[in-house]
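Colleague: After the structure tokens below, expect a handful of questions from me.
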Amino acid sequence: MKKILIPGMISDIIYNGVSGMDGAIFGDAKECPECSGTLVPHDNKKKRFATVIEHGAKRMIYVNVRRFRCKACGKLVYARSPFYPDIRMGSPIVDFCIANTDYFTYNHISKILKSMRILVDPKTIGNYEALNLPKPPSIEISKAQFPVSLLNLSNMGVPGENPTKNAVMLDLFINKNKKD
């Protein structure tokens, strides 16, 4: 299989978006999905969003998801967050895997992600495909499918920098590729 080369700018934008999620807090929940009861804050749950390579070593990216307790039925309810039910990796990374399973082997998808400093085991990619999740909307860049959910992380950017900088660069790159 021909090696897919992801442009360095795209790799950096994706990596910065994923790593920019570290410590993000998701705390939005309106009402109990079971009984429509009122929710009261319970605690925060730290969830692994992704594993990245930083300075040659693995680093876990964690997000905090607020949990609520329903006053009426007592059910524990998680805030809306970027995870599929029963999957322990952020949905934008899962979306990248799912978007590319029709085009590449699991091992090749894993290598493409690794070139962007994101680690996902090929067997894990196979497990995601077996779940029959819907194909996410995506854009082709350098023969790989990049889901919109992953590209939208570019707005996270690098801490301390203008968050729209990555989004503007990404938009320019995608529009240039449409013309080519």
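Colleague: Per the helix-only calculation at 222 nm, which mean residue ellipticity applies to the chain, given -39500 (n - 2.57) for every DSSP H run of n ≥ 4 and division by its residues, nearest 500 deg cm²/dmol?
Modeller: Details: 6 runs with 61 residues, N = 180.
Calculated at 222 nm, the ellipticity per residue is -10000 deg cm²/dmol.
Colleague: Considering only ASN152, ASN132, ASN44, give the residue with the highest GNM mean-square fluctuation for the chain, with springs between Cα atoms whenever their separation is below 10 Å.
Modeller: ASN132
Colleague: For a paramagnetic label modelled at 7 Å from the Cα of LYS75 toward its Cβ, which residues of region 12-53 fall within the zone defined by backbone nitrogen distances under 17 Å?
Modeller: In region 12-53, the label zone of LYS75 (backbone N under 17 Å from the point 7 Å along Cα→Cβ) covers 28-42.
Colleague: Starting from the 7 Å offset along Cα-to-Cβ, what nm value, one decimal, do you get for the label separation of ASP43 and LYS30?
Modeller: For the pair ASP43/LYS30, the computed spacing is 2.8 nm.
Colleague: What is the extension gain from SER11 to ILE139, computed as 0.36 nm multiplied by their sequence separation minus the C-alpha to C-alpha distance, in nm to one decimal? The partial results should precede the final answer.
Modeller: Details: separation 128, 0.36 × 128 = 46.08 nm, distance 1.47 nm.
Gain on stretching SER11 to ILE139: 44.6 nm.
Colleague: Oh, and also: How would you order 104-112, 21-29, 90-98 from highest to lowest mean count of nearby Cβ atoms within 10 Å? Numbers along the way, then the final one.
Modeller: Numbers: 104-112: 18.8, 21-29: 15.0, 90-98: 25.0.
Answer by packing, highest mean first, reads 90-98, 104-112, 21-29.
Colleague: Further question: Checking the table LYS114/LYS135; LYS58/LYS135; LYS111/LYS135; LYS47/LYS114; LYS75/LYS135 against a 25 Å threshold on Cα-Cα, which pairs fail?
Modeller: Values: LYS114/LYS135 21 Å; LYS58/LYS135 28 Å; LYS111/LYS135 20 Å; LYS47/LYS114 21 Å; LYS75/LYS135 31 Å.
Pairs exceeding 25 Å: LYS58/LYS135; LYS75/LYS135.
Colleague: For the chain, set up a GNM with springs between Cα atoms under 10 Å and report which of SER36, SER11, SER81 has the largest fluctuation.
Modeller: SER36
Colleague: Moving to a separate point now. I need to check one value: relative contact order of the chain, counting alpha carbon pairs closer than 8 Å and at least 6 residues apart, in percent.
Modeller: On the way: 302 pairs, mean separation 43.9, N = 180.
In percent, rounded to a whole number, it is 24.
Here, each number is a calculation from the coordinates, and none is a lab measurement. Since this is a predicted model, take the numbers as computed values, not measurements. Every residue, glycine as well, gets a Cβ built from its backbone with ideal geometry; the counts of neighbours run over all protein chains shown.
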